[in-house]
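The values are calculated or read from the model by the stated rules, or taken from the named source; none is laboratory data. In this text the structure is predicted, and so the values were computed from the model without any measurement. Glycine gets a Cβ as well: all are built from the backbone with ideal geometry, and neighbour counts include every protein chain shown. Keep in mind that these areas ignore ligands, DNA and RNA; they rest on the heavy atoms of the full protein, side chains included. Shrake-Rupley method; radii C 1.70, N 1.55, O 1.52, S 1.80 Å.
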Amino acid sequence: MVGTQFRLFEREAPVARHTSAQAFVGELRDFTWDGKQTLEETAEACFEGQSAAVPLLVNEFWTSRQRAAHSLHEISYRACFKPQLPRFFIKRLTAPGETVYDPFSGRGTTALEAALLGRRPVACDVNPLGAILLEPRLSPPPVHEIAGRLQEIPWSDPGEIRSDLLVFYHPDTLAQISVLRSYLLRREAEASLDCVDRWIRMVAVNRLTGHSPGFFSVYTLPPNQAVSIEGQAKINAERQQVPPKREVARLIVAKSRSLLADFDTESRSMLARVAGLAHLLTSDAARTPGILSDSVDLVVTSPPFLDVVDYARDNWLRCWFCGIDPGGVDITIAKEPGEWHAAMGAVFLELFRVLRPGKFVAFEVGEVRGGTIRLEEIVIPSAVSAGFRPGLVLVNSQHFTKTANCWGVTNNRKGTNTNRIVLLEKPEK
C-alpha cells in the first residue's frame, strides 16, 4: 500500500497532450475540482515601456496535500515547488521520450518527475549541490548496498574536527560526520565515488540539520536551511538545549528506506530507461552551450525571486560537507526589478535557443516585497523581447494559504504561499 500511496492523490484523469497554448487555455477554463470552476481575469504586464495582456486563470489545479508525490522527492531544499507542479505541465505538454528541462533545478524536482514520467530530464543549476542532490535519485541503489557500504567506512578515525560545529552536534556525532565527509571527499578526489557513495552523500547532506530526531543535529531551523553558528548558539541558549548523540549511519539507512518506499518495479523500470539519457549541468542558466539548439520540448522552472532567498547563506553547511566553496557559487541575487529583468532576459534568450519551435516554457513567478512587485509583470515583457509568445498566467489556488487579493481574486496574495506560472510559447518557424 505504501508503494502506491502517492498516486492516490492524483487529481487529473487521463489528459490529452496539447500542441497549442489556445488548446491548453481551453482545458484550464473548463477545469473543475470538487465542483470548483476556474476563475478568469486578465493579466496586464507592463515593464519599461513593454506591455502585454494574457488570460489569468485561477483554480486548485493540483493537490495541497503534503507528501502526495513519489517518495524519492522527499528531500529538503529552500523554496522548492511541489512535484505536482511540473507533473501538471509535463503530462499535458509532452509525450514519453521527449525532453524536459529546468534551468534553475535546485533539488531537481522537475527533472526527477520528468524521469518518473518517462521523459528525458535535463537540469541546470549554478550550485554544484544541484547535481549532488539529483543524480543519485535517478539511479537509486538497494538499501542493503547502502547499509553494507556504511559498515565498510572506518568510523574510528575522525581526523580533523571543526569544534565550532559543536553548537549543532554532539561530539560523537560530529566525529562520525567528519569521518563520513573525509571518506567521501577522498573517494571523489580519487575518482572512485560510485552510485552508492553518491547516494550516501545525498542523504547525509539532507540530514545535517533539522528539527526532529531524524536529523544529525540538535533542534534548529527547518532542514532546508542552516542557521549561522552564532544563530544556533542563540537557539540553544533560548531553548536550553544541548546537542544529543545521533547515530549517523543508522539515520542514513532509515532515510534511505523512506526515500525508497515508493520505488517499486514500475518506478525502477522507468528510471532505468531514462536515467542514462539525463543531462545534468552546473552552469549559469544564461550560458548552456552543452544543450543543443532546438532540442528541448518543455521547460518547467522557478528562478530566484529577487533577493527573497539567500541560497549561499542557507546552504553553507551543506557546501562545507561537500567540499564546495559557497563564495565561489555565482547565484543570481538581484535586489532591484531592473537588475532581475536583465538577468531573466539573458536566461530567456538562452531558453529560446534551446527550445524547439512550437514548444512551451512554464515559468513560476511570485509576488515579493509584500505584494508590491508581481514578477509576471517583469517576466512577460522579458520573454516577449526574447521572442516568446505569452499564453497565460496560471494561479494554483490553495485553501491552506493566506487569503487576500490576487489580480482581483480574493485568495493567495503572496506568491510564496501559492504557485503562479507564466506559460510561454516559442512560435513555429
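Structure data summary
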{"item": "Single condition Ala79 does not satisfy, out of (1) at pLDDT below 95; (2) at negative phi; (3) within 13 Å of the chain's Cα centre (by Cα)", "result": "(2)"}
{"item": "Residue satisfying all of: in the range 108-127; aliphatic (A, V, I, L, M) and surrounded by fewer than 24 Cβ atoms within 10 Å (Cβ to Cβ); farthest from Ser71 (Cα to Cα) among these", "result": "Val126"}
{"item": "Index of the failed condition, Pro121 passing every other in (1) in a helix (DSSP H, G or I); (2) in contact with a helix residue (DSSP H, G or I) (Cβ under 9 Å, 6 or more places away or on another chain)", "result": "(1)"}
{"item": "Qualifying positions in the range 194-212 - without any contact (Cβ under 8 Å) to a residue 24 or more places away in the chain and within 14 Å of Glu145 (Cα to Cα)", "result": "Asp194"}
{"item": "Any helices (runs of 4 or more DSSP H) falling wholly within the range 177-279 and containing at least 2 residues that are open to solvent by less than 10 Å² (accessible area, probe 1.4 Å), closer than 22 Å to Ile75 by Cα and in contact with a helix residue (DSSP H, G or I) (Cβ under 9 Å, 6 or more places away or on another chain)", "result": "195-207, 248-259, 265-274"}
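One line per residue, one yes/no per condition, for (1) surrounded by 15 or more Cβ atoms within 10 Å (Cβ to Cβ); (2) modelled with pLDDT under 80:
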{"site": "Glu40", "(1), (2)": "yes, no"}
{"site": "Glu48", "(1), (2)": "no, yes"}
{"site": "Ala52", "(1), (2)": "yes, yes"}
{"site": "Pro55", "(1), (2)": "yes, no"}
{"site": "Trp62", "(1), (2)": "yes, no"}
{"site": "His70", "(1), (2)": "yes, no"}
